[in-house]
Amino acid sequence: MAAPAGCSSGATSSTATTSTTASAAALRGVTRAPSPFERFEQVRVTIRGADGEVRSPCMLLARTEELRAQGLMHVRAGGLDPFAGMVFAFDQDVTGSFTMADTVMPLSVVFLDPSGRVVSSQAMTPCPAGTTTCPTYPAAGPYRTAIEVPAGQATVLGLDEKAEVQVGGACPT
């Protein structure tokens, strides 16, 4: 299946499983992000890394098809501040690939199952302007949530293969 343009998901529905705090419908306590991301909400992501350290960065939240299609298009390195990345939340398990069309900074994507365990992760390279077919970046299996962060930041945040992740709640002030 071809992924739509942008740093987005070409995700399709798979077998629905138990809803978690990472599902798009279940998220509570989120607020609108400040400009220039006012179309998005902001949400706390709690990450328990393999090292046992707990980190709780604030991230942008894309929980509608329109916002997931926009993703981090046109955002330049350093342009995410004060956010650590973007959460793509779905109401059920999905499959599909992400693409980097119109995305200008290298990113890492981490795919999570409904319990917040890592399914797989990948480094993603921007697709050069004017390219008609961009590479796609699929998950190793069905996922409920995907998190994109600037290249190199997944490790800094503890988003490794043994991480446990919960999405939900107000961002720290």
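The numbers here are math on the coordinates, done by the rules we state, and not lab data. Predicted, not measured: the structure shown is a model, and the values here were computed from it. All Cβ positions, even for glycine, are placed from backbone atoms using ideal geometry, and neighbour counts span all protein chains on display.
Round to the nearest 0.05 the FRET efficiency obtained for R39 and V156 when R0 = 25 Å and r is the Cβ-Cβ distance.
Efficiency computed from Cβ-Cβ geometry: 0.40.
Each residue of region 91-107 in order: what ³J(HN,Hα) in whole Hz does its phi give by Karplus 6.51 cos²θ - 1.76 cosθ + 1.60, θ = phi - 60°, with x for Gly and Pro?
Running phi through 6.51 cos²θ - 1.76 cosθ + 1.60 with θ = phi - 60° gives 7, 8, 4, 9, 10, x, 10, 9, 9, 10, 4, 6, 10, 9, 10, x, 10 Hz.
What ³J(HN,Hα) values, in whole Hz, does the Karplus curve 6.51 cos²θ - 1.76 cosθ + 1.60 give for region 162-170 when θ = phi - 60°, with x put for Gly and Pro?
9, 5, 10, 10, 10, 10, x, x, 6
Give me the distance between the Cα centres of region 102-123 and region 80-98, rounded to whole Å.
Here the two parts' Cα centres lie 8 Å apart.
For T136, which sequence-distant residues (separation of 5 or more, or a different chain) have an amide H within less than 5 Å of its own amide H, given hydrogens modelled in the peptide plane?
none
Tabulate in residue order the Karplus-calculated ³J(HN,Hα) for region 41-47, using 6.51 cos²θ - 1.76 cosθ + 1.60 with θ = phi - 60°, rounded to whole Hz; enter x for Gly and Pro.
Per-residue couplings from phi come out as 8, 10, 8, 7, 10, 9, 10 Hz.
Which of the trypsin sites (Lys or Arg not before Pro) found in region 38-91 are in a DSSP loop and have at most 12 neighbouring Cβ atoms, other than their own, within 10 Å?
R76
Give the long-range amide H neighbours of F90: residues separated by 5 or more places, or on another chain, with amide H under 5 Å away, using H modelled in the peptide plane at 1.01 Å from N.
Amide H neighbours of F90: A24.
Sequence-distant or interchain residues sharing an amide H contact under 5 Å with T145, placed H: which?
L112
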